[in-house]
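Undergrad: First, the structure itself, so that you have it in front of you.
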Amino acid sequence: MKAFRLDELEAERAANEGAYLQFLRERNMSVGLYALDAGDHDPQNPHQQDEVYFVVSGRASITVGLETTQVARGSVVYVPAGVTHRFHHITEDLRVLVVFSPPES
């Protein structure tokens, strides 16, 4: 078993001064913590993997392809591989668990 604490992952991510911390990588998936502060710009490009976002905290909008929705704590969003997507209008610091399948390259 592998178990993680969100507060420890956030501290590690912050210490590495990056918006993304991959903390689990297995044969069929990888999992990371993505952080964008209020007002930040999300620089993502489409990924080659399917991904699922689980919003741990914060508020923002996300556009996936041509669809836009608001997200907040508890929101889950699926993004198919190759589809343009971006968080925007981030009004509260956003912390998101990201699951890639297969693992992010």
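Undergrad: Name the residue that is surrounded by the most Cβ atoms within 10 Å (Cβ to Cβ), counting only residues in segment 80-93 that are touching a Pro at 6+ places or on another chain (Cβ under 9 Å) and assigned to a loop (DSSP other than H, G, I, E, B). Step through it out loud before you land on a result.
TA: To start, the set of residues in segment 80-93 that are touching a Pro at 6+ places or on another chain (Cβ under 9 Å) comprises 81-86.
Next, only the ones that are assigned to a loop (DSSP other than H, G, I, E, B) stay: 81-84.
Working: Ala81: 13, Gly82: 11, Val83: 15, Thr84: 12.
Going through the qualifying residues, I end up with Val83.
Undergrad: Still on this structure, please answer the following. What number of residues within segment 28-51 are surrounded by 20 or more Cβ atoms within 10 Å (Cβ to Cβ) and among the charged types (D, E, K, R)?
TA: Residues meeting the conditions: 1.
Undergrad: Tell me which of these Tyr20 doesn't satisfy, since it passes every other one: (1) open to solvent by less than 80 Å² (accessible area, probe 1.4 Å); (2) more than 14 Å from the chain's Cα centre (by Cα).
TA: Among (1) open to solvent by less than 80 Å² (accessible area, probe 1.4 Å); (2) more than 14 Å from the chain's Cα centre (by Cα), Tyr20 violates only (2).
Undergrad: Test Ser61 against the stated conditions and say whether it is over 21 Å from Ser105 (Cβ atoms), among the polar types (S, T, N, Q) and in contact with a Leu (Cβ under 9 Å, 6 or more places away or on another chain).
TA: Values: over 21 Å from Ser105 (Cβ atoms): yes; among the polar types (S, T, N, Q): yes; in contact with a Leu (Cβ under 9 Å, 6 or more places away or on another chain): no.
No: the conditions fail for Ser61.
Undergrad: Just to be sure, is Arg13 without any contact (Cβ under 8 Å) to a residue 40 or more places away in the chain and open to solvent by 60 Å² or more (accessible area, probe 1.4 Å)?
TA: Criteria not met by Arg13.
Undergrad: Just to be sure, is Arg27 touching a residue at least 12 places away in the same chain (Cβ under 8 Å), charged (D, E, K, R) and in a loop (DSSP other than H, G, I, E, B)? Break it down stepwise before answering.
TA: Working: touching a residue at least 12 places away in the same chain (Cβ under 8 Å): yes; charged (D, E, K, R): yes; in a loop (DSSP other than H, G, I, E, B): yes.
In short, yes.
Undergrad: Among the residues of segment 15-22, is any assigned to a strand (DSSP E or B) and aromatic (Phe, Trp, Tyr)? Working first, answer last.
TA: Taking segment 15-22 and keeping what is assigned to a strand (DSSP E or B), we get 20-22.
Within this subset, residues satisfying the condition of being aromatic (Phe, Trp, Tyr) are 20.
Yes, segment 15-22 has at least one match.
Undergrad: Pick out the one residue from Val76, Val96 that is surrounded by fewer than 17 Cβ atoms within 10 Å (Cβ to Cβ), touching a residue at least 24 places away in the same chain (Cβ under 8 Å) and in contact with a strand residue (DSSP E or B) (Cβ under 6 Å, 6 or more places away or on another chain). Don't jump to the end; show me each part of the working.
TA: Details: Val96 fails: surrounded by fewer than 17 Cβ atoms within 10 Å (Cβ to Cβ).
The unique qualifying residue is Val76.
Undergrad: Please enumerate the residues belonging to segment 52-73 that are open to solvent by 50 Å² or more (accessible area, probe 1.4 Å) and either in contact (Cβ under 8 Å) with a residue 40 or more places away in the chain or closer than 14 Å to Val31 by Cα (or both). Full working, then the answer.
TA: Looking only at segment 52-73, we keep the residues that are open to solvent by 50 Å² or more (accessible area, probe 1.4 Å), and these are 52, 54, 59, 66-70, 73.
Passing the criteria: Val52, Phe54.
The values are calculated or read from the model by the stated rules, or taken from the named source; none is laboratory data. Please read all numbers here as calculations on a predicted model, not as lab measurements. So basically every Cβ, Gly included, is an ideal-geometry build from the backbone, and we count neighbours across all protein chains shown. To get the accessible areas, we keep the full protein, side chains included, count just its heavy atoms, and leave off ligands, DNA and RNA. Shrake-Rupley method; radii C 1.70, N 1.55, O 1.52, S 1.80 Å.
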